[in-house]
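The values are calculated or read from the model by the stated rules, or taken from the named source; none is laboratory data. Keep in mind that what you see is a predicted model, and the values were worked out from it rather than measured. For neighbour counting, all protein chains shown are included, and Cβ atoms are generated from backbone atoms with ideal geometry for every residue, glycine included. Accessible surface is based on the protein model in full, side chains and every heavy atom, while ligands, DNA and RNA are left aside. Shrake-Rupley method; radii C 1.70, N 1.55, O 1.52, S 1.80 Å.
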Amino acid sequence: MLEFLRSRQWIVGRRLALIGIILILAIRQYGGNVVTLLQRPHPERDITITRAEFRPELPGAKPGWIIGFRNGSDKFTYDEIQLEATYMDDRGKVLERDKLKVRQKLPPGGEKLIGSSDIKSRGAAKTGTLKVLGAQEVK
């Protein structure tokens, strides 16, 4: 039995087991940090719309939006957020789709609530929804 503990196989096996334990502990402790270092900016995933309220009845001929944004990224700041707006009538029928660009700097972990006027008059549109298409990363 003592001869096995002195053998080359035992020494190599013990070293491999120690390296495996160290790797498991390192991944558990620092794995999330390594993943965030390797991530690229992904505005569609990072930016969420917390509030999207279409207001067709604002004074004047142009409607407006009240938009809430949240940046879920720990690392990236975004600007010039590109949105797809879908306009619907009071029965929910889609009338029109359009692209909007909001020039708003959104820092990592930040949250903003903004008001934005629409460029066009939207006719019979009563409600609307927004979807994030992309954004510029601020360096």
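Among the residues of segment 69-81, which ones are within 30 Å of A124 (Cβ to Cβ) and under 11 Å from the mean Cα position of the chain (by Cα)?
Of everything in segment 69-81, just one residue is within 30 Å of A124 (Cβ to Cβ) and under 11 Å from the mean Cα position of the chain (by Cα), namely F69.
List the pairs whose first member sits in segment 105-128 and is in contact (Cβ under 8 Å) with a residue 12 or more places away in the chain and farther than 21 Å from K75 by Cα, whose second member is of a type in the set (G, A, S) and open to solvent by 70 Å² or more (accessible area, probe 1.4 Å), and whose Cβ atoms are under 7 Å apart, counting only residues at least 6 apart or on separate chains?
Within 7 Å, the pairs are S121/A61.
Would you check which residues across segment 129-139 are touching a residue at least 24 places away in the same chain (Cβ under 8 Å), within 26 Å of K75 (Cα to Cα) and open to solvent by 40 Å² or more (accessible area, probe 1.4 Å) and list them?
If the condition is that a residue be touching a residue at least 24 places away in the same chain (Cβ under 8 Å), within 26 Å of K75 (Cα to Cα) and open to solvent by 40 Å² or more (accessible area, probe 1.4 Å), then K131, L133, Q136, E137, V138 are the ones that fit.
In segment 19-44, what residues are closer than 30 Å to Y87 by Cβ and either modelled with pLDDT of 90 or more or touching a strand residue (DSSP E or B) at 6+ places or on another chain (Cβ under 9 Å) (or both)?
Result: P41, P43, E44.
Is it the case that some residue within segment 110-130 is at pLDDT 85 or above and in a helix (DSSP H, G or I)?
no
Residue by residue through segment 45-68, note down the ones that are within 10 Å of the chain's Cα centre (by Cα) and buried (at least 17 other Cβ atoms within 10 Å of the Cβ).
Matches in segment 45-68: D46, I47.
Can you find a residue that is hydroxyl-bearing (S, T, Y), farther than 30 Å from V35 by Cβ, open to solvent by 40 Å² or more (accessible area, probe 1.4 Å) and over 16 Å from the mean Cα position of the chain (by Cα) anywhere in segment 82-89?
Within segment 82-89, none of the residues are hydroxyl-bearing (S, T, Y), farther than 30 Å from V35 by Cβ, open to solvent by 40 Å² or more (accessible area, probe 1.4 Å) and over 16 Å from the mean Cα position of the chain (by Cα).
For residues that are open to solvent by less than 40 Å² (accessible area, probe 1.4 Å) and over 18 Å from V138 (Cα atoms), tally how many sit in segment 93-105.
2
Report those helices (runs of 4 or more DSSP H) wholly inside segment 1-105 carrying at least 3 residues which are of a type outside the set (D, E, K, R).
Once the helices (runs of 4 or more DSSP H) in segment 1-105 are filtered for at least 3 residues that are of a type outside the set (D, E, K, R), what remains is 2-5, 8-38.
Which of the residues belonging to segment 25-55 are touching a residue at least 60 places away in the same chain (Cβ under 8 Å) and either within 13 Å of G115 (Cα to Cα) or of a type in the set (V, I, T) (or both)?
I47, T48, I49, T50, R51, A52, F54
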